[in-house]
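Nothing in this text is a laboratory measurement; each read-out follows from the coordinates by a stated rule. Computed from a predicted model, the values in this text were never measured in an experiment. FYI the Cβ positions are ideal-geometry reconstructions off the backbone, even for glycines, and counts take in every protein chain you see.
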Amino acid sequence: MESNIKNGFYTALGTPVDAYGNLVKSSLEQHVKDQVEYNASGLLVMGSMGLEPYIKQSEYTKVAKVAVEAAKGKCAVFVGAMDNSVARVEERIKSLERLKIDGVVLTTPFYMISSQDELKSYFTRIAAISPFPVYLYDLPGVTKTKINADTVEYLMEDDNIKGIKTGDIVTARVLMRSKKKKNDFSIFFSGLDIFDVAYKYGIKMNLDGMFSCTHPIADKMYSFMEQGDYCAGAACLDEILTLRNLFIEVGVMRGFSYAMNLMGYEGYFCPDYTIEGKEEEFACIKEFLKEHNLI
């Protein structure tokens, strides 16, 4: 089967839910269609930006199904299946078995700290039972455990472990140069601040949640870089980073949810315990979106 994996930007989608935690289907459908229209190379459903650990169990499969159907096979679709045990991950994967997805994405278990040997056991056991390719997600700031480069090299030997998402440029560089790296092992870099630098070095698959609300800018950015115009590409990245920094000022998920609503996507894109703010608190975000023709 021909791989859907190609260079370019990969969007970690937001997940729109109502006040009761139920999926707002029409909003997610439009979210996916807009990403496809602006040439996203792939989509990560229910990653960090998509709040996978926060999504109700009853909505999990539905979210994945809606996203897959909306994409219509026009780009790669990955689904987050993060959890804290092999058994729980297996349940998630089984719920996806009828869907045409390009892989499942897994962080390390995040409730307890794991040793590197335990990570090897965890990921290889999941790879053995998964009908989908498995992609590692290195997110130590959240999970408390880093997937070391030598652990990844060990896991590369497994034919069903097909790649990694990491924001660690050192890890990405080591793996890019590793003699153990197979041609079909993909490195998705998620260090947003240096996407242009990474792309120029040769790490040309970049994945981040900020593309959810900056897809027109991202499309231009990757078009410029593909043509070798890194100055123009860097200017686009600066715009994305400016919005990211505005989100940080008000709380990333609060700012993101506000922006998505202004852009026409209904629903909450933040945890259900998020404190709502006053309109003036988000004024700079609204101004940015207007200035860059995103609303």
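At a glance:
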read-out	value
Which listed residue, of Asp219, Asp229, Asp196, is touching a residue at least 40 places away in the same chain (Cβ under 8 Å), charged (D, E, K, R) and over 23 Å from Asp34 (Cβ atoms)	Asp196
Number of the exception - Ala172 against (1) without any contact (Cβ under 8 Å) to a residue 60 or more places away in the chain; (2) more than 20 Å from Met82 (Cβ to Cβ); (3) surrounded by fewer than 18 Cβ atoms within 10 Å (Cβ to Cβ)	(3)
Some residue of region 237-252 being part of a loop (DSSP other than H, G, I, E, B) and among the acidic types (Asp, Glu)	no
Qualifying residue in region 43-52 (condition: outside any loop (DSSP other than H, G, I, E, B) and of a type in the set (S, T, N, Q))	no
Condition broken by Thr11, with the remaining ones in (1) surrounded by fewer than 21 Cβ atoms within 10 Å (Cβ to Cβ); (2) within 25 Å of Pro109 (Cα to Cα); (3) in contact (Cβ under 8 Å) with a residue 40 or more places away in the chain satisfied	(1)
Residue count, region 71-92 (criterion: part of a helix (DSSP H, G or I) and crowded, with 21+ Cβ neighbours inside 10 Å)	3
Every residue from region 200-209 that is without any contact (Cβ under 8 Å) to a residue 60 or more places away in the chain and either over 21 Å from Leu136 (Cβ atoms) or within 17 Å of the chain's Cα centre (by Cα) (or both)	Lys200, Ile203
The lone exception for Phe110 - which of (1) of a type outside the set (S, T, N, Q); (2) under 25 Å from Gly267 (Cα atoms); (3) in contact with a Lys or Arg (Cβ under 8 Å, 6 or more places away or on another chain); (4) not in a helix (DSSP H, G or I) it fails	(2)
In region 111-128, the residues that are within 13 Å of Val89 (Cβ to Cβ) and either among the acidic types (Asp, Glu) or in contact (Cβ under 8 Å) with a residue 40 or more places away in the chain (or both)	Ile126
When residues of region 253-263 are limited to those that are in a helix (DSSP H, G or I) and not aromatic (Phe, Trp, Tyr), the one farthest from the chain's Cα centre (by Cα)	Leu262
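The rows are residues; the columns are (1) farther than 28 Å from Cys75 by Cβ; (2) over 16 Å from the mean Cα position of the chain (by Cα); (3) buried (at least 19 other Cβ atoms within 10 Å of the Cβ).
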position: Gly103; (1), (2), (3): no, no, yes
position: Leu106; (1), (2), (3): no, no, yes
position: Tyr111; (1), (2), (3): yes, yes, no
position: Pro131; (1), (2), (3): no, yes, no
position: Tyr135; (1), (2), (3): no, no, yes
position: Gly141; (1), (2), (3): no, no, no
position: Asp150; (1), (2), (3): yes, yes, no
